[in-house]
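Report on the structure given below.
The values are calculated or read from the model by the stated rules, or taken from the named source; none is laboratory data. Here the structure is a predicted model, which means the values were calculated and not measured. Cβ placement follows ideal geometry from the backbone for every residue including glycine, while neighbour counts extend to all protein chains displayed. Note: areas computed on protein heavy atoms with side chains; ligands, DNA, RNA excluded. Shrake-Rupley method; radii C 1.70, N 1.55, O 1.52, S 1.80 Å.
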Amino acid sequence: QVHLVESGGGLVQAGGSLRLSCAASGSIFSINAMGWYRQAPGKQRELVAVISSSGSINYGDFVKGRFTISRDNAKNTVYLQMNSLKPENTAVYYCYAEIVDRVVRGTNGYWGQGTQVTVSS
């Protein structure tokens, strides 16, 4: 089994910053892409940022330089630094990882439980 555990969400005022973390554990041989998605009430889940095992990065169109994704491969952890937060960034943020299982060497996508980010105006 594989688990993704997120932390770092919370309530912040507009203009503030938050740092999300997501640690993967369990039957892991290797991790390909890791990333963050978000879902606001009444809206579809959308990409925030994704980073490959080699460090290639893609950001959602709305990010515009305010968010930074990074990962620590030794710790199987991905981070999302969010600066200059706006009320419209309020959403549940989900961690995602594409993981190769240690035993069967199959590749599957896994989701974290989500962490709430609320930005007040």
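Just one residue in the set ILE51, ILE28 is surrounded by 20 or more Cβ atoms within 10 Å (Cβ to Cβ), in contact with a Lys or Arg (Cβ under 7 Å, 6 or more places away or on another chain) and farther than 20 Å from VAL117 by Cα; that residue is ILE51.
Residues in region 85-93: is at least one at pLDDT 95 or above, among the small types (Gly, Ala, Ser) and open to solvent by 10 Å² or more (accessible area, probe 1.4 Å)? No, that holds for no residue. Name the residue that is modelled with the lowest pLDDT, counting only residues in region 31-44 that are surrounded by fewer than 16 Cβ atoms within 10 Å (Cβ to Cβ) and on the phi < 0 side of the Ramachandran plot. In this case the residue turns out to be PRO41.
A quick yes/no check of all residues on (1) of a type outside the set (Gly, Ala, Ser); (2) surrounded by fewer than 20 Cβ atoms within 10 Å (Cβ to Cβ); (3) modelled with pLDDT of 95 or more:
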| site | (1), (2), (3) |
| --- | --- |
| ALA74 | no, yes, yes |
| ASN83 | yes, yes, yes |
| TYR96 | yes, no, yes |
| ASP101 | yes, yes, no |
| GLY109 | no, yes, yes |
| GLY112 | no, no, yes |
| THR115 | yes, no, yes |
